[in-house]
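K.L.:
Before I ask anything, let me first share the structure, which is written out below as structure tokens.
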Amino acid sequence: MVTKRSEKAGLPPGTLVPVRSRRESATVLKAFAYDEASFKETTVPNVAEVPSCVDGTITWIDIDGLADLRTMNELGERFGLHALMIEDILNTDQRPKIEEYQEHLFVVVKMLTLDDETGGLNTEQVSLVLGHNYVISLQERPGDILDPVRDRIRNGTGRVRKKGADYLLYALLDVIVDHYFKVVDALGERIAALERKVLVKPGNEDLVTIQELRSNLIHVNRYVMPTRELAGRLYILQNPLIEKSTRRYINDLQDHTVYIAETISTFREMLSSLENTYHAGQNARMTQVMKLLTIISTIFIPLTFVVGIYGMNFDHMPELRWRYGYFAVMGLMGVLVLFMLLWFRRKRWL
């Protein structure tokens, strides 16, 4: 679906005009302040109440909902975010990317999930801002796939509370990319099930399913490819906000995106092959139908010939007045049918 941006036509760069969405929700701010020994989670009423980002403490400002322009403006003023960055956050049809600013790194990724009921693909933009000792995450609506990171912070498991803000940025990206695996694996299972069905008993609805799966793969690939570029650039980026020890994890993130991209390419080739198999199966069925109709027509040709002869109204046709003429003709026609069936069988046409 294409999102319209015509509302911004003619406005100065950096003007905050949110792209309207049917799923628009109120803006909610949560703050996770932690170090290796302590952790505090709070829901804050406004940007002014967000905890200060002091040395030694990492702060994750988790924001759901982008409808409140006032909050977005206050956020930009509080953390010195560039107006173009805020504009990109509000325009939720951005391509995954990474941008450097004087004191920040700005990352845009797409969070992908499959609808369990319809099998359709749901997308949501997640914007991440990395600053000194803090990360700001912004998304369109409540509910996401980032709970594993939250649980690790709450429970003190993993490395996240022992590392800096750059590792938190990596952890959030890693969870989002790992969910790409779930989406692609689910599509792969549907392709495998469809392949078994098409090989055994293809139906008219299978072609529609093939097109839907191809559309979903194209949609996923539309975000995986730029995410791969994003991870590659993040790995080679010489920025003081990214520590050297974190780069090896980012390299692993890039490997994951490469693997997903290759898997999508394989699945698309499988769908193309499956579509050819479907059409070949349909053609084979049509050939069998035409073969059967041809055999039936061929059987009736000599019968029609016999009936045509005795349908002529000549006066001197001895069989017409013969007592057993009807039975003889019917018997002849039966013998012809039996002979032709045996001949077709011998030729392996039946």
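The values are calculated or read from the model by the stated rules, or taken from the named source; none is laboratory data. What you are looking at is a predicted structure, and each value in this text was computed from that prediction instead of being measured. Note that we place each Cβ from the backbone using ideal geometry, even for glycine, and neighbour counts take in every protein chain shown.
K.L.:
Quick one: which residue in Thr263, Thr227, Thr257, Thr209 is free of Cβ contacts under 8 Å to residues at least 24 places away in the same chain, surrounded by 15 or more Cβ atoms within 10 Å (Cβ to Cβ) and in a helix (DSSP H, G or I)?
P.N.:
On inspection, the qualifying residue turns out to be Thr209.
K.L.:
Pairs, please: C-beta under 8 Å, at least 6 apart or cross-chain, first residue closer than 29 Å to Leu341 by Cβ and free of Cβ contacts under 8 Å to residues at least 60 places away in the same chain and in region 301-318, second of a type in the set (Val, Ile, Thr) and surrounded by 11 or more Cβ atoms within 10 Å (Cβ to Cβ)?
P.N.:
Matching pairs, first to second residue: Leu303/Val337; Val306/Val329; Tyr310/Val329.
K.L.:
Being assigned by TED's automatic domain parsing to the domain that holds Val109, of a type in the set (A, V, I, L, M), touching a helix residue (DSSP H, G or I) at 6+ places or on another chain (Cβ under 8 Å) and assigned to a helix (DSSP H, G or I) narrows it down to one of Met340, Met270, so name that one.
P.N.:
Met270
K.L.:
Scan region 71-94 for residues that are assigned to a loop (DSSP other than H, G, I, E, B) and either surrounded by 16 or more Cβ atoms within 10 Å (Cβ to Cβ) or outside the structural domain of Val126 (by TED's automatic domain parsing) (or both) and jot them down.
P.N.:
Leu81, His82, Asn91, Thr92, Gln94
K.L.:
Are any residues in region 265-285 under 21 Å from Arg222 (Cβ atoms) and either modelled with pLDDT of 90 or more or among the polar types (S, T, N, Q) (or both), and if so, which ones?
P.N.:
Ser265, Thr266, Phe267, Arg268, Glu269, Met270, Leu271, Ser272
K.L.:
Condition (residue is assigned by TED's automatic domain parsing to the domain that holds Gly56, under 18 Å from the mean Cα position of the chain (by Cα) and of a type in the set (A, V, I, L, M)) applied to region 197-209: is it met by at least one residue?
P.N.:
yes
K.L.:
Identify all residues within region 135-158 that are of a type outside the set (Gly, Ala, Ser), surrounded by 14 or more Cβ atoms within 10 Å (Cβ to Cβ) and in a loop (DSSP other than H, G, I, E, B); write none if there are none.
P.N.:
Once the filter is applied, which keeps residues that are of a type outside the set (Gly, Ala, Ser), surrounded by 14 or more Cβ atoms within 10 Å (Cβ to Cβ) and in a loop (DSSP other than H, G, I, E, B), region 135-158 yields Glu140, Arg141, Asp144, Ile145, Leu146.
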